[in-house]
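Working notes, beginning with the structure itself.
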Amino acid sequence: MKYIYILFIALLLIGCNNSENKKELAHNEEETELHDDITITKQQFTNENMALGTLEEQDFNTTIKATGSIDVPPSNKAVISTFMGGYITKSPLLVGDRVEKGQVLASLENTLFVELQQEYLEVAGQLSYLKAEFERQKTLYNENISSQKNYLKAEGTFKSNLAHYNGLRKKLEMLNISPSQVEKGNITSVINLFSPIDGTISKVNVSHGAYVSPSDEILEIVDTHHIHLELEVFEKDILNIKKEQNILFSIPEASDKVFEAEVHLVGTTINETTRTIKVHGHIHDEAEANFIVGMFVDANIVIDSAKNKALPNESIIDNDDASYVLLLTNESESNYQFKKVKVELGEQNNQYTSILNPEVLNNKKVLTRGGYMLINEGKGGHSH
């Protein structure tokens, strides 16, 4: 009888333990089912700077990546050199200085300038005599007084001298020396170099007293009033590039901002080394961007665009290898109640992500800012 009593007590204890385990399991299952419900107070919502929003129609682009730089047209860049060598006697400009068309950039001195002007004066002095002699011989020949030989000799000498005179005059003009001043006896050993365009000094390659030859680059001037993109696109992508396609680009070393441009010209030759083609783009609002020539550019050329239902990127919460949003299920006078809803993601841009299963949101409001904190850190709310 004693053993039967002990066995009865043991069975009773086992039954109680099983009952408690079942209750605990049921409680855990209930907690799991309700874990996706989160409630926060409206005060917490405000304090944490949270926000609500709904699905929006957004453009999502199919793009081709390209790299390149900020550049200017060839007509907006000038390299300053000299037609005859000389020693720098004046070069007051520094990189970054603004210059205007016609402004003196540098001065050079050389005895060859003096010799050229002397030769010009000598030829100019002979020209008047040779012209008069030619006209005299022409008159005599027409009157059958002088021979044709004398006439032709006078004509050849005059025209040869005239060509020499015109050539020397042109040389003086190219050196910015006034032939009329030389003819008045004003001979100079110094010439000035003038700016051919408005712009900014981008290179200075000389110093005071340095000798420069005709092949040397003294200064470089860049006019940034019209800048453009010079991009390189890989051969495999080039057939998708067309004029007037939109370009979204950034200057990764200087700014996170995205700027806009459009395809203006597409190159017709391939770089044999890199297998790329040049694409020239015109920048929108280029004056406001304050770009510097030579800046490196990351670009995306938009070849197609489609509208999709989307939410701000900050709405999407990655958790347990899946993506979720917090759907507003109830709003009381003092609280917001949200439910964690799994979403399927599509294309993404800088601000929005497309939602491939928009029907799960039922055109309701979702938490567009602050959701990550609630799910992953447990701040500001409690689970039922």
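Observations on the model:
- The numbered conditions (1) farther than 29 Å from Phe249 by Cβ; (2) among the hydrophobic types (A, V, I, L, M, F, W, C); (3) in contact (Cβ under 8 Å) with a residue 60 or more places away in the chain are all true for Val79 except (1).
- In the set Asp198, Asp223, only one residue is under 25 Å from Val99 (Cβ atoms) and out of contact with any helix residue (DSSP H, G or I) (no Cβ under 7 Å at 6 or more places or on another chain); that residue is Asp198.
- Within the range 72-121, being under 14 Å from His208 (Cα atoms) and loosely packed, with under 12 Cβ neighbours inside 10 Å holds for Pro92, Leu94.
- Entry remark, the range 346-356: residues being out of contact with any Lys or Arg (no Cβ under 6 Å at 6 or more places or on another chain) and either under 26 Å from Thr41 (Cβ atoms) or crowded, with 17+ Cβ neighbours inside 10 Å (or both) number 4 in total.
- Those helices (runs of 4 or more DSSP H) of the range 92-190 in which at least 1 residues are touching a strand residue (DSSP E or B) at 6+ places or on another chain (Cβ under 8 Å), considering only elements entirely within it, cover 111-142.
- Counting the residues of the range 339-355 that are modelled with pLDDT of 90 or more and outside any strand (DSSP E or B) gives 2.
- Residue list for the range 305-322, restricted to those being surrounded by fewer than 17 Cβ atoms within 10 Å (Cβ to Cβ) and part of a strand (DSSP E or B): Ser305, Ala306, Lys307, Pro312, Asp318, Asn319, Ala322
- Of residues in the range 194-223 being assigned to a loop (DSSP other than H, G, I, E, B) and hydroxyl-bearing (Ser, Thr, Tyr), the one modelled with the lowest pLDDT: Ser215
- Test for Glu232: is it in a strand (DSSP E or B), of a type outside the set (Ser, Thr, Tyr) and within 10 Å of the chain's Cα centre (by Cα): no
- Selection from the range 127-153 of residues that are closer than 20 Å to Arg169 by Cβ and surrounded by fewer than 11 Cβ atoms within 10 Å (Cβ to Cβ): Ser128
- Checked against (1) surrounded by 14 or more Cβ atoms within 10 Å (Cβ to Cβ); (2) out of contact with any Asp or Glu (no Cβ under 6 Å at 6 or more places or on another chain); (3) touching a residue at least 60 places away in the same chain (Cβ under 8 Å); (4) not assigned by TED's automatic domain parsing to the domain that holds Ser81, Glu230 passes all but a single condition, namely (2).
- Residue match in the range 290-304 (condition: assigned to a strand (DSSP E or B), small (Gly, Ala, Ser) and touching a residue at least 24 places away in the same chain (Cβ under 8 Å)): yes
- Sole residue being closer than 17 Å to Phe60 by Cα and out of contact with any strand residue (DSSP E or B) (no Cβ under 8 Å at 6 or more places or on another chain), chosen from Asn300, Asn290, Asn308, Asn350: Asn350
- Residue in the range 31-45 that is part of a strand (DSSP E or B), within 27 Å of the chain's Cα centre (by Cα) and surrounded by 14 or more Cβ atoms within 10 Å (Cβ to Cβ) present: no
- Within the range 357-377, tally of residues that are of a type outside the set (Ser, Thr, Tyr) and either surrounded by fewer than 17 Cβ atoms within 10 Å (Cβ to Cβ) or closer than 23 Å to Ala306 by Cα (or both): 12
- Taken over the range 318-332, residues that are in contact (Cβ under 8 Å) with a residue 24 or more places away in the chain and over 16 Å from Leu55 (Cα atoms) amount to 1.
The values are calculated or read from the model by the stated rules, or taken from the named source; none is laboratory data. Note that the structure is predicted; figures quoted are calculated from it, not measured. All Cβ positions, even for glycine, are placed from backbone atoms using ideal geometry, and neighbour counts span all protein chains on display.
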